[in-house]
Amino acid sequence: MIDLDSTTDKSSIKAIIYASPVLTDLENDGRLEIVQPTGVGFTYIITASGALHPKVKTIMTDSVLAPVVATDLTGDSITGMTCIVDLY
């Protein structure tokens, strides 16, 4: 079990997961990673072996409310990610 975001009932921003996880091969190694954004604003990447990706923990500006989109954004054969955040 992986502990993503920890909050309490008194926290102003709760660690709620609004968005569905996305499965994608970010490292082009034939193995799928899980990309999971959270209501606190972090996006976690979980490797195929079940561990948090050692190099990636992205801070967003606010709660991530929609799934991350993982695709080749620039046509360079490298998977990039983008998402929508709640700025209000």
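The values are calculated or read from the model by the stated rules, or taken from the named source; none is laboratory data. Please read these numbers as outputs of a predicted model, since none were measured by experiment. Here the Cβ is made from the backbone with ideal geometry for all residues, glycine too, and neighbour counts use every protein chain on show.
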**Message:** So the check is Cβ under 6 Å with 6+ separation or different chains; which pairs have a first residue in the stretch 61-77 that's closer than 20 Å to residue 26 by Cα and a second one that's surrounded by fewer than 16 Cβ atoms within 10 Å (Cβ to Cβ) and among the aliphatic types (A, V, I, L, M)?
**Reply:** 64/85; 66/84
**Fill in**
Residues of the stretch 16-44 being of a type in the set (A, V, I, L, M, F, W, C), in contact (Cβ under 8 Å) with a residue 40 or more places away in the chain and part of a strand (DSSP E or B), in sequence order, are 22, 35
**Item:** Matching residues, the stretch 65-88, being assigned to a loop (DSSP other than H, G, I, E, B), modelled with pLDDT of 75 or more and either loosely packed, with under 10 Cβ neighbours inside 10 Å or in contact with a Phe, Trp or Tyr (Cβ under 6 Å, 6 or more places away or on another chain) (or both)
**Value:** 65, 74, 75, 76, 77
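Give the residue that is modelled with the highest pLDDT, with candidates limited to residues of the stretch 17-38 that are among the hydroxyl-bearing types (Ser, Thr, Tyr) and closer than 12 Å to residue 83 by Cβ. Lay out the reasoning, then the answer.
Pass one, the stretch 17-38, residues among the hydroxyl-bearing types (Ser, Thr, Tyr): 18, 20, 24, 38.
Imposing the further condition that a residue be closer than 12 Å to residue 83 by Cβ reduces the set to 18, 20, 38.
On the way: 18: 79, 20: 86, 38: 80.
Step by step, filter the stretch 17-38, then rank; the result is 20.
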